[in-house]
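The values are calculated or read from the model by the stated rules, or taken from the named source; none is laboratory data. The structure presented is a predicted model; accordingly, all values stated were derived computationally and were not measured. Cβ placement follows ideal geometry from the backbone for every residue including glycine, while neighbour counts extend to all protein chains displayed. The accessibility values were calculated without ligands, DNA or RNA, using every heavy atom of the protein model including side chains. Shrake-Rupley method; radii C 1.70, N 1.55, O 1.52, S 1.80 Å.
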Amino acid sequence: MSRLFMFEKPLGMRDTLPDLYETKKRLRTAIEEEMQRWGYQFIETPALEYYETVGAASAILDRQLFKLLDQQGHTLVLRPDMTAPIARVAASKLLVDELPLRLAYSANVYRAQQREGGRPAEFEQIGIECISDETISADGEVIALMISSLYAAGLDHFQISIGHIGFVQELFLQILGTEERADALKKFLYEKNYVGYREHVKSLSLSSIDKQRLLDFLDLRGGEEVLEKAASLIENGQGKEDIAQLRQLWQIMNDYGEQAKIKFDLTLISHMCYYTGILFEVYANQVGFPIGNGGRYDLLLKKFGKNSGATGFALRLDRLAEATGIFEKEVPVTCILFSEERRKEAIGLAKEKRANGERIVLQDINGVKNIDLFSEQFDDVILLIGKAGKGSGE
Amino acid sequence: MNDFLTIAMPKGRIFDEAAELLRRAGYKLPPEFADSRKLIIDVPQENFRFILAKPMDVPTYVEHGVADIGIAGKDVMLEEERDVYELLDLKISKCRLSVAGLPNTKMSDVAPKIATKYPKVTAAYFREQGEQVEIIKLNGSIELAPIIGLSDRIVDIVSTGRTLQENGLVEYEKIVDITSRLIANPVSYRMKDIRISDIVSRLNKVIDKEPVFDTQG
């Protein structure tokens, strides 16, 4: 291994410098307050979890997990998402009598990067989980809260695509007959390879009507009219109910007054394999990757011993900051430059101003080499130099 | 703002065919398009910005979202495995990815060596064949490798087979057929869906017409 230089960090690890810190803090505060207004309670979970439990329950690829050993030889992972740890806490501690539970978090998660830079391996997610409520109202609430959170963060231009993994599964099973064949076709969707999907469909021994159904499936993107088309592709059964669910969701979003922000995209498949029903992603202008995603996961809690459905979303703070832009420093900072003789007076003045909520830097003038350069950083500079009472030199 | 589209185009072999296809789809592109040494070409009347990239890099630009859509060979898509939508087979720049080598030779039993620009595809292919090979990554003139004894075989793009022939090599197996694809960034695909759908359907029409052109000409 080559010798590391002192400035180097592991691949994908980033520092947060003051301007970005302020930006993230403002976003976090705004979103947290909004989530609290909806009655969600914040919790924290440890950064390290057992590989066998939370690591296995999480939907993040194994090769993306940071793994290490504890002193007893158990494999640990740095949490790759927050949904699995929260499912663990909810199932083992908080769920009482299967009552609906509304939890929120804002925490760093870790996903190792394989190939190259350009993506952080540690990033902050802020999100909620609505646990033990299997109604469509809960799905609607989660999406509406995500929209409200984005507004609270100051973002107006964004769009949400909503899909339904249950519908995809049911449609493919109806036409293809077996899980195995359905999974083979789903893999093309997961890889976003529409060319391969079409070729695969053409190569299958199916009636031309069924082939056309599978090809038409790729066009199921857009507004409410998409649900009509989707319903015509699927035979009676669970799939029709899934579409009915999406219709209700459309109505609920209308009740919230947020229909304009959502579109349906039934081809949407997430790498998060624990989703079981409605799932969604949110996109913003100027950011090449989704800024958040979510969906319903009715089987995850089962892995932790509870038979409860749940739905939730997570926003990525780093990408959100990219979408909103870095806030310019807005809170003014005043510097009090003092000389030794007037230190006491300076401390008193600083105390007084800080008590008023002002941001005050207290600096001994003898500690600064270039006073002009130093002073430039501040909105205001108060000089307390020389003998007291002889004027401040301003 | 949503109307402006950035398109990553591959320089070299595929470029002319891709530009021709866009023209056939009814897009007005400037005549000096290909001669330009510029890396960024704006076409305001179509609300397009073209960026000219190395073919291998097109999916990278698109994945990171600095280009909304792009045109990339399937060979590059296989090798790079980028998280982008593969929307359309443009059926241009047809060729194949093949295993080639000196005629009447066998691969070494101990440590067969394969030279290629496509290490991932090559490794995956030979693993499927039940063969463990050692891969030597080269960046061009791959045909040199078996001739001067660097490798037993090469894996490279073959279109007419002339380059192989002229260098005294033969094609052993075809790995996969290659054409160029229209690819899209997942966010752009949603945020600029109307614009991208329009391009897809316009291109789709001229691709479908292709056999008609063939029989006429």
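Structure summary
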{"read-out": "Among A:142, A:39, A:300 the positive-end extreme of the charge dipole of chain A (Cβ point charges)", "value": "A:300"}
{"read-out": "Estimated Rh, the protein assembly as shown: Kirkwood, alpha-carbon pairs, angstrom", "value": "28.2 Å"}
{"read-out": "Of A:84, A:153, A:56, the one that fluctuates the most in a GNM where chain A has Cα springs shorter than 10 Å", "value": "A:56"}
{"read-out": "Å² of accessible area per residue within segment A:179-299, as computed with a 1.4 Å probe and no ligands counted", "value": "44 Å²"}
{"read-out": "Among A:204, A:61, A:95: highest mean-square fluctuation, GNM of chain A, C-alpha pairs under 10 Å", "value": "A:204"}
{"read-out": "Loop-resident sites, segment B:24-67, for GluC sites (Glu not before Pro), counting at most 15 other Cβ within 10 Å (DSSP)", "value": "B:32"}
{"read-out": "Segment A:202-259 - convex hull of alpha carbons, volume per residue in Å³", "value": "78 Å³"}
{"read-out": "Considering only the protein assembly as shown, percent of DSSP beta bridges that pair antiparallel, nearest 5", "value": "65 percent"}
{"read-out": "Listed residues B:119, B:168, B:140: farthest to the positive end of the dipole of chain B (Cβ charges)", "value": "B:140"}
{"read-out": "Chymotrypsin sites (Phe, Trp or Tyr not before Pro) lying in DSSP loop within segment B:1-60, provided at most 10 other Cβ fall within 10 Å", "value": "none"}
{"read-out": "Number of partner chain Cβ atoms within 10 Å, mean per residue of B:163-169", "value": "0"}
{"read-out": "Rg to Rh quotient for segment A:158-267, alpha carbon positions, Kirkwood Rh", "value": "0.99"}
{"read-out": "Sites excluded, chymotrypsin sites (Phe, Trp or Tyr not before Pro) in DSSP loops with at most 13 other C-beta within 10 Å, longest stretch of chain A", "value": "A:8-394"}
{"read-out": "Solvent-accessible area per residue, Å², over chain B with all protein chains present [probe radius 1.4 Å]", "value": "50 Å²"}
{"read-out": "Nearest-ten-degree value, helix B:193-208 long axis tilted from longest Cα axis of chain B", "value": "60 degrees"}
{"read-out": "Total charge dipole magnitude, segment A:241-394, about the Cα centre, Cβ charges on Lys, Arg, Asp, Glu only, Debye to nearest 20", "value": "580 debye"}
{"read-out": "Size-normalised alpha-carbon gyration radius of segment B:95-177, reference 2.2 N^0.38 Å", "value": "0.97"}
{"read-out": "Gaussian network model of chain A, Cα within-10 Å springs - most flexible of A:134, A:345, A:98", "value": "A:345"}
{"read-out": "Computed over segment B:81-217: relative contact order in percent, which uses C-alpha pairs under 8 Å that are six or more apart", "value": "40 percent"}
{"read-out": "Over chain A, relative contact order from alpha-carbon pairs under 8 Å, at least 6 apart, %", "value": "18 percent"}
{"read-out": "Separation of alpha-carbon centers, segment B:57-103 and segment A:264-312, rounded to whole Å", "value": "29 Å"}
{"read-out": "Tensor-based shape of segment B:19-94 (alpha-carbon gyration tensor, a/c under 1.5 rounded, otherwise prolate or oblate)", "value": "prolate"}
{"read-out": "Charge dipole magnitude, Cβ of K and R +1, D and E -1 - chain A, Cα centre, debye nearest 20", "value": "900 debye"}
{"read-out": "Segment B:1-106, relative contact order [Cα under 8 Å, separation at least 6], %", "value": "33 percent"}
{"read-out": "Fraction of accessible area attributable to carbon and sulfur, the protein assembly as shown (%, probe 1.4 Å)", "value": "50 percent"}
{"read-out": "Three-way shape label, segment A:333-384, alpha-carbon gyration tensor, a/c 1.5", "value": "oblate"}
{"read-out": "Cα convex hull of chain B - mean projected area over all directions, nm²", "value": "13.6 nm²"}
{"read-out": "A/B buried area, accessible surface, summed, 1.4 Å probe, Å²", "value": "2300 Å²"}
{"read-out": "Binned Cα-Cα distance frequencies in segment A:17-163 - 5 Å width, integer %", "value": "2, 9, 15, 18, 20, 17, 12, 6, 2, 0, 0"}
